[in-house]
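Following: one structure in structure tokens, then a few remarks.
The values are calculated or read from the model by the stated rules, or taken from the named source; none is laboratory data. Being a predicted model, the structure only gives us computed values, none of them experimental. FYI the Cβ positions are ideal-geometry reconstructions off the backbone, even for glycines, and counts take in every protein chain you see. Ligands, DNA and RNA are excluded from the accessible area calculation, which covers all protein heavy atoms including side chains. Shrake-Rupley method; radii C 1.70, N 1.55, O 1.52, S 1.80 Å.
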Amino acid sequence: MSTLRINGGKRLAGEIEVHGAKNSVLPILAASLLANGETVIHNCPGLSDVDAAVKILRHLGCGVKREGTTITIDSSTMDRCDIPDALMREMRSSVIFLGAIVARCGEAVLSMPGGCELGPRPIDMHLAALKSMGAEITETGGNIICRSKKLHGARIDFLTPSVGATENSMVAASCIEGTTVINNAAREPEICDLQDYLNKLGANVSGAGTPVIVVEGRSFKGSAEHTVIPDRIVAATYLTAVACAGGDVVVKDLIPAHVSTITQALEEMGCHIETHGGSIRIVKNENRLVAPRPVITRPYPGFPTDAQPMLMSATLTAAGTTVFVENIFENRFRHVSELRRMGADVKTEGRVAIVSGVEKLHAAPVAATDLRGGAALVVAALGAEGTSVISELKHIDRGYYGLENALRGIGVDIERV
Ligand code: EPZ
């Protein structure tokens, strides 16, 4: 099994580019099933989660070509409506295909998605939304069977915003008769990107980015060319890396508004942040960082749960105490035990983590526990004296494309062995 060896303690300098957003590519690839023709998606990073989504499209009978970060899908040859267990297990968020498959085929058979490292990942909100649109849903032998002779528009009220359930509802509603109103919709930038893509196909979706999304269902046979937005969590990872290691770096190809909660926290800690169009310059000088106000994760536009682990790494040597409250997932402090091996002083109690800043971190052999927890270990290793060895890279490879090359480009002494 390969590992990342990081010789930390070096100040960073230079420019680093952000790749396309994983959590935008996945729902857009699912929505391409509605195109019933060829669509071209640019800026798709070569991630294992994207590989898994491509496998599902090919399993369903679609033609898929990949040239660099461009994926071309021809869904006119789709001839199946099931996702087998092996493919579901490869990527838990495969449930994102449910709305597109049932809307296109009138039936979808998926194996029940398991939980993941972050805890149980229920899909009750996805199923309730599709039921309200007329789908009959049965669960037998670990499979979810979703059937509908004719889906219809509906009013969907989510108790709490769910990114995936909002996306499944948008996609299913876009090509059926009637109007669908989604209340308390998730407002993440990836939802706006999906709306843009659906409307390029010929759909009529509005309101993405606000709590109310309206979908005027209609038939469309469009094809589309779309460039995926930058990955705001990868951008957050690079920004926290500079805060942790120190240096002067320009993070390019991002949308500053999408990472404003992270840059606010880093400025509060003592980093200098300059925004120039689609890039951010971050400077962390020799002065010790100070603990920010409590970091409370919330649905967008609140502080993103996916950036919590990496910001935690940046607070480990800050003067003072940082409080983290994780409101989205119940098991999102698994990286803490690994950070402690590097000398971090972190106590957790349920959804609360308390970081007491230490003078410095030291290198250690650590194992990634999940995607963003693994990224937190990389960030911490950059600021730790000595050579850290990070294993279980399969978690990190789900969401970071060419991480070691990108970090080497800003002066990190890193290699994958
Ligand atoms: C998306 O997951 C992202 N994944 C996650 O990134 C991200 O952390 C999460 O949104 C929150 O921002 C993708 O977009 C592929 P949710 P999703 O539905 O859609 C509960 C990564 O690795 N819930 O917004 O699964 C759920 O348990 C991942 O990049 C229900 O109870 O998240 C959670 O507590 C990690 N019932 C909360 O809602 C449901 O039917 C928010 O989940 C659905 C969700």
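Worth a mention:
- Residue within the range 349-358 that is in contact with an Asp or Glu (Cβ under 8 Å, 6 or more places away or on another chain) and within 15 Å of the ligand (Cβ to nearest atom) present: yes
Residue-by-condition table, conditions (1) within 24 Å of GLY209 (Cα to Cα); (2) surrounded by fewer than 21 Cβ atoms within 10 Å (Cβ to Cβ); (3) at pLDDT 95 or above:
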position	(1), (2), (3)
VAL228	yes, no, yes
ASP231	yes, no, yes
THR237	yes, no, yes
ALA257	yes, yes, yes
SER260	yes, yes, yes
ALA265	yes, no, yes
GLY270	no, yes, yes
THR275	yes, yes, yes
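Here is a yes/no grid of residues against (1) touching a helix residue (DSSP H, G or I) at 6+ places or on another chain (Cβ under 8 Å); (2) in a loop (DSSP other than H, G, I, E, B):
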{"position": "HIS126", "(1), (2)": "yes, no"}
{"position": "LYS131", "(1), (2)": "no, no"}
{"position": "GLY134", "(1), (2)": "no, yes"}
{"position": "CYS146", "(1), (2)": "yes, no"}
{"position": "LYS149", "(1), (2)": "no, yes"}
{"position": "ILE156", "(1), (2)": "yes, no"}
{"position": "GLU167", "(1), (2)": "yes, no"}
{"position": "VAL171", "(1), (2)": "yes, no"}
{"position": "GLY178", "(1), (2)": "no, no"}
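- Qualifying residue in the range 183-194 (condition: over 29 Å from ALA376 (Cβ atoms) and outside any loop (DSSP other than H, G, I, E, B)): yes
- Taking the criterion of being of a type in the set (Val, Ile, Thr) and within 16 Å of the ligand (Cβ to nearest atom), the residues of the range 59-95 that qualify are ILE83, VAL95.
- Members of the range 194-212 that are under 24 Å from ASN36 (Cα atoms) and touching a strand residue (DSSP E or B) at 6+ places or on another chain (Cβ under 9 Å): LEU194, GLN195, ASP196, TYR197, LEU198, ASN199, LYS200, LEU201, ALA203, ASN204, VAL205, SER206
- The range 269-322, residues that are under 18 Å from ALA384 (Cα atoms) and hydroxyl-bearing (Ser, Thr, Tyr): SER313, THR315, THR317
- Among the residues making up the range 40-55, those that are open to solvent by less than 50 Å² (accessible area, probe 1.4 Å) and either among the acidic types (Asp, Glu) or touching a Phe, Trp or Tyr at 6+ places or on another chain (Cβ under 6 Å) (or both) are PRO45, GLY46, LEU47, ASP49.
- LEU151 open to solvent by less than 50 Å² (accessible area, probe 1.4 Å) and either more than 15 Å from the ligand (Cβ to nearest atom) or within 21 Å of the chain's Cα centre (by Cα) (or both): yes
- Verdict on GLU107 being surrounded by 15 or more Cβ atoms within 10 Å (Cβ to Cβ) and under 21 Å from the mean Cα position of the chain (by Cα): no
- Candidates are the residues of the range 9-33 that are farther than 16 Å from VAL234 by Cα and open to solvent by less than 10 Å² (accessible area, probe 1.4 Å); the one that is nearest to the ligand (Cβ to nearest atom) is PRO27.
- Of the strands (runs of 3 or more DSSP E) contained entirely in the range 1-106, those carrying at least 1 residues that are touching a residue at least 40 places away in the same chain (Cβ under 8 Å) fall at 4-8, 12-17, 38-42, 70-74.
- Any hit, the range 227-234, residues being closer than 30 Å to LEU151 by Cα and over 24 Å from the mean Cα position of the chain (by Cα): no
- Count of residues meeting criterion [touching a Lys or Arg at 6+ places or on another chain (Cβ under 9 Å) and of a type outside the set (Gly, Ala, Ser)] in the range 24-39: 4
- Matching strands (runs of 3 or more DSSP E) fully within the range 331-417 where at least 2 residues are over 24 Å from LYS252 (Cβ atoms) and open to solvent by 60 Å² or more (accessible area, probe 1.4 Å): 345-349, 384-391
- Residue match in the range 170-178 (condition: open to solvent by less than 20 Å² (accessible area, probe 1.4 Å), near the ligand (Cβ under 10 Å from one of its atoms) and of a type in the set (S, T, N, Q)): no
- When residues of the range 398-413 are limited to those that are more than 16 Å from the ligand (Cβ to nearest atom) and charged (D, E, K, R), the one nearest to ASP51 (Cα to Cα): GLU404
- Index of the failed condition, ARG58 passing every other in (1) in contact with a Gly (Cβ under 9 Å, 6 or more places away or on another chain); (2) at pLDDT 95 or above; (3) open to solvent by 10 Å² or more (accessible area, probe 1.4 Å): (1)
- If you check VAL215, VAL242, VAL250 for being under 25 Å from ASP413 (Cα atoms), crowded, with 21+ Cβ neighbours inside 10 Å and of a type outside the set (Asp, Glu), only one passes: VAL242.
- Test: residue in the range 121-130 that is modelled with pLDDT under 90, open to solvent by 10 Å² or more (accessible area, probe 1.4 Å) and under 24 Å from ASP51 (Cβ atoms): yes
- Total residues in the range 130-143, condition without any contact (Cβ under 8 Å) to a residue 40 or more places away in the chain and within 16 Å of the ligand (Cβ to nearest atom): 5
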